[in-house]
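The values are calculated or read from the model by the stated rules, or taken from the named source; none is laboratory data. Small disclaimer: the values here were computed from a predicted structure and weren't measured. Ideal geometry is used to build each Cβ from the backbone, glycine not excepted, and the neighbour counts take in all protein chains shown. These accessible areas exclude ligands, DNA and RNA; they are computed on the full protein's heavy atoms, side chains included. Shrake-Rupley method; radii C 1.70, N 1.55, O 1.52, S 1.80 Å.
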Amino acid sequence: MGEDMSDDGHEHNGAGHEHVPSRQRRRFPGISSRAYEHPADRSALVALRKLSGFDTVFKALSGLLPERSLRLLFLSDSVRVSDQQFAHLNDMLRDACYILDLEKVPPMYVNQDPQPNAMCIGLDEPIIVVTTGLVELLDEEEMRAVVGHEVGHALSGHAVYRTILLFLTNLAIRVAWIPLGNLAIMAIVTALREWFRKSELSADRAGLLVGQDLKASMRGLMKIAGGNHLHEMNVDAFLKQAEEYEAGGDLRDSVLKILNVLPRTHPFTTVRAAELKKWAESRDHQRIMDGHYPRRSEDKDTSVTDSFRESAAHYATSVKSSKDPLMKLVTDIAGGAGGLGGRVRRGFDGFTGPNPSQDRPRNGSDGADGADGEGGADGEGGARGPKDTPPRGGK
C-alpha cells in the first residue's frame, strides 16, 4: 500500500505563497513511471528501454548536444534552489522526490524570465529549471503540482525525447539543401513531437500524484492560459472550452486543429486540463491512490507487444468516442455508416451536425446513401465529457 506522509506548511511572504496548513499525502514506494504514463508515451518508452545497445548509441548522440554547456550556464547565471535560496521550492522538490520515490533529488534552478515555464533536461543527471514568471504566477499548491510534473519527467526519463528532438531539429536545418532529406527528418520530428505531447500528459498526472489536489492542478493550468486573474475565471467554463474545441466546427476546423498542433511540443492548455480531470476520475488513478500500481522492479519484464497493444486500444477508443468531425467521419467509414455520400457531396458543411432531410434520397436516387438518411450518431452535437496538460504553456 502507499504510505502517508506529513507535509509541513511554510510561511511565505512573497505574492502567491501563503501559508498552507499541514496535511497528509500518500507516497508511492518503488512506483514505476508506467503507473501514470499515457499509453502512447508508455509504449514508446518501453520500446526504447528494450532496444539492445540503445544506451550506448544515445549517449554518443547526446554528446553532440550542449547539455554540459547548459548545466554550466544555469549554474553561472541562475539561482540554485537550496535551503538558503528559494527554500519553499526546495521543500517541494524533496517532497515530490519522496512521494514518487526518486532516490536522487535533481538540482533545481530559478531562471530570470517573465515567461511562465519549467523544464527538465539532462540524461544521466537531469536538472529542473523554473522561470521567475512561473514562480510569481502560481501559489504554493499550484507550484507543488508543477514541481511534481517535472520530477515525473525525470522519473520517466523523458529527456530522451527532448534530446533526440533537439538533435533532429538541428539536423533538419543542416540538411535542408539535400533533396527529400529534410522531409524525411521532419517526418520523424513530427512523430517525436506527438510522443512529447503525450509525455506532457503523463507528467501532468505525476504532478497530480505529488500534489494530490486536483483543484490546484486545474488552477495552475488556468493561470498558464489566462494569467493571474483567477477571480475572472471559472473551472467549469474553462473545461467547457475543451469540449467546444473538440466537438465544434466542421472538417475544415478539424484540419486546422491538426495543423495548429503539429509544430507544438505541448498539448493545448484546455485539453490538458480536461485530460487530467478525466484521469483523476478514472479507476487507474484510484488504484494508484489505493496502493496498487506497477513497481520499478517489474519494468524489465514489461512486454513491448502488450504496451503497443494498449496504446493502439487507447487510440481506437479515443477515435470512437471523439466528437471531432474528422474522427466521427473516420468512425462512420470504419463502421460502414450510410448517408456518407450525400454528406460528402454537400462539402465540409455537411459534417457540422445532423440534417436528416438532406441525407434522404430525392426521387428515388442515391438509395444506398439515403437508406439510413438520419446520420445517426454522426450528427450528435452533444459536447464530450471532460477529458488532461503538457504546451509548454508554462510547464
Matching residues, the stretch 67-105, being polar (S, T, N, Q) and open to solvent by less than 40 Å² (accessible area, probe 1.4 Å): Ser78, Ser82, Asn90
Residue within the stretch 93-106 that is assigned to a strand (DSSP E or B) and modelled with pLDDT of 95 or more present: no
Residue that is nearest to Phe74 (Cα to Cα), among those in the stretch 108-138 that are part of a strand (DSSP E or B) and among the hydroxyl-bearing types (Ser, Thr, Tyr): Tyr109
So Arg205, is it open to solvent by 10 Å² or more (accessible area, probe 1.4 Å), closer than 23 Å to Thr132 by Cβ, at pLDDT 65 or above and of a type outside the set (S, T, N, Q): no
Failed condition for Asn13, given (1) in a loop (DSSP other than H, G, I, E, B); (2) open to solvent by 70 Å² or more (accessible area, probe 1.4 Å); (3) at pLDDT 55 or above: (3)
Residue list for the stretch 228-241, restricted to those being open to solvent by less than 50 Å² (accessible area, probe 1.4 Å) and either of a type in the set (Asp, Glu) or within 29 Å of Leu155 (Cα to Cα) (or both): Leu239
Of all residues making up the stretch 276-290, the number that are farther than 15 Å from Ala206 by Cα and not acidic (Asp, Glu): 1
Index of the failed condition, Val57 passing every other in (1) open to solvent by 60 Å² or more (accessible area, probe 1.4 Å); (2) part of a helix (DSSP H, G or I); (3) at pLDDT 95 or above: (3)
Segments classed as helices (runs of 4 or more DSSP H), wholly inside the stretch 224-298, with at least 2 members that are of a type in the set (A, V, I, L, M) and closer than 21 Å to Met143 by Cβ: 269-280
Among the candidates Asp301, Asp306, Asp324, Asp250, residue that is among the acidic types (Asp, Glu) and either at pLDDT 95 or above or crowded, with 19+ Cβ neighbours inside 10 Å (or both): Asp324
